[in-house]
Structures are given as C-alpha cells and as structure tokens.
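Single-structure report; data block below.
The values are calculated or read from the model by the stated rules, or taken from the named source; none is laboratory data. All figures in this text were calculated on a predicted structure; none of them were measured in a lab. When we count neighbours, we look across all protein chains shown, and the Cβ atoms used for this are built from the backbone with ideal geometry, even at glycine. With ligands, DNA and RNA removed, areas are computed over all heavy atoms of the protein, side chains included. Shrake-Rupley method; radii C 1.70, N 1.55, O 1.52, S 1.80 Å.
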Amino acid sequence: MRMKKEWTWNEKKLAAAVAFWFLAIVCLGRVNGRNVLAEEAGTDLLGGANSTLTADGSAAGQSRTGESAAEDEAMTEEEETPGTYTMAEGWCLDEELSTDDTEVYRLESTEEGQETSTISCSYMETNYSRQDYEQLREMLTNNLIYGNVNAQITTSAVYTLSMDYLYIVLVDDSSEDYCDIYHYVVGDYQCFCVQVREYRAEESLAEEQESDTPREVGQAVAEGFVWKE
C-alpha cells in the first residue's frame, strides 16, 4: 500500500516558486515570439504599423499618412474637374476673389484688392447637349441682354483647338470704364465659362506695349480648353 507523502511548509513554498518561474518563462517566450512575427510583418504590439517617433513625440509614419491623404484629395479634385485649361504666363490666381466654384486670375503686376482686369474660369450645367448649341446660344444671349439693358451686345463664335463650339459674347456699357467678355465652351449638358472683365485703360496699355490684352488672354484660355472624356 502506497503511503501518501506529507509536504512540509518549506517544500510547498519551493514548489510554488518553481511553478511561478516556469509560467513566467513560458509567457515571456510567447510574447517574444509574437514580437518577432510582428516585426517581420511590419507591425508592433503597441502601435500597429512600425513608426519612428519625432522630437515632439508624434509618429513619422502618421505625418506621411497625412501627406498621402492630402495628395489623394488633390488627385480626387483633379479627377472631378470636367476639363483642363492653361492660364497664360504673367497671370496669377487671386485667392481673395476665387471661390470653390470659380478661379479668378489677375495680372501678377497687380495686387489683391486692386481694381484691375480679371479672368474668371468656371463650369456651368445646362439642359443642352453639344448638338443643341444653337438653343443654348439663344438662351445665353437673352440672359445677358436682360441683365445688361444699357449695354451693347456683340456675339461671335469660333471652334476650340479640340473642335468644340466656342460662343463669345461682348457686353459693352459705355458708361463703365470696363467691358465684360463671356466665352462658353459647349459640352454635353455643361459649359466651360471664361469671363473677362477688361478695364479700358489696361487694354490701351497692353496695346501700347504690344502685349496681349486681357480679352485676348481669356479667349486663348477658352480656345485651349479640353474636355475630359
């Protein structure tokens, strides 16, 4: 008959200590193994993706993520634009006058807030296809006539370099020291619009200097416009 051994108090303490350190060694080995696998996969247990902390305690990887998000947003905005155009040299974007829907340009030699010639570029949705340009032309002309009862209205039409119909309307009120020229590049149910406000003094100065007048620059922008297919 086997006799049951009675453990002394010291033996119990020794057995408990051995069991504790054995479990600690096993757990430590598991954690180290997970860290090795995480490093191979490019992650750590605390912060997800491996990153380098900067002087202020922020992660360099987070900074890069912000830059990527900004780049993606810029690319998305560019993709959403219906077409592309090129502004002539010597003209810069006027941040004060521009809006989310309209980009306004002025001569680089002028300052923001100065009363000067401007070129505004925007898009307009319509109810007309490319084939219905005559109806669109009539609608645009009538709107400008009703909105400028004291002005002389002159219309013309050409084709862009991409062979899209370009309708041009000159609104000239002799009582003003400027005139407005509207350019409409006709697309399917939309138009690319270039509005030029040309001050007469700046037109005369450009002609004296044998440089392009604001209206000539604006028409060149419209003629070079390309729809995205």
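Things worth noting here:
- Accessible surface, per residue, of region 95-200 when the full set of protein chains is kept, probe 1.4 Å, Å²: 57
- Within the accessible area of region 133-214, the carbon and sulfur atoms contribute 44%, probe 1.4 Å, all protein chains present.
- Per-q log10 I(q)/I(0), region 139-191, q = 0.15, 0.21 Å⁻¹ (Debye; single scatterer per alpha-carbon; no solvent): -0.46, -0.77
- Stokes-Einstein D (µm²/s) once Rh is taken as the Kirkwood radius of region 164-229 over alpha-carbon pairs, at 37 °C in 0.692 mPa s: 256
- Here the label points at Glu108 and Asp212, each 7 Å from Cα along the C-beta direction, are separated by 1.4 nm in the simple model.
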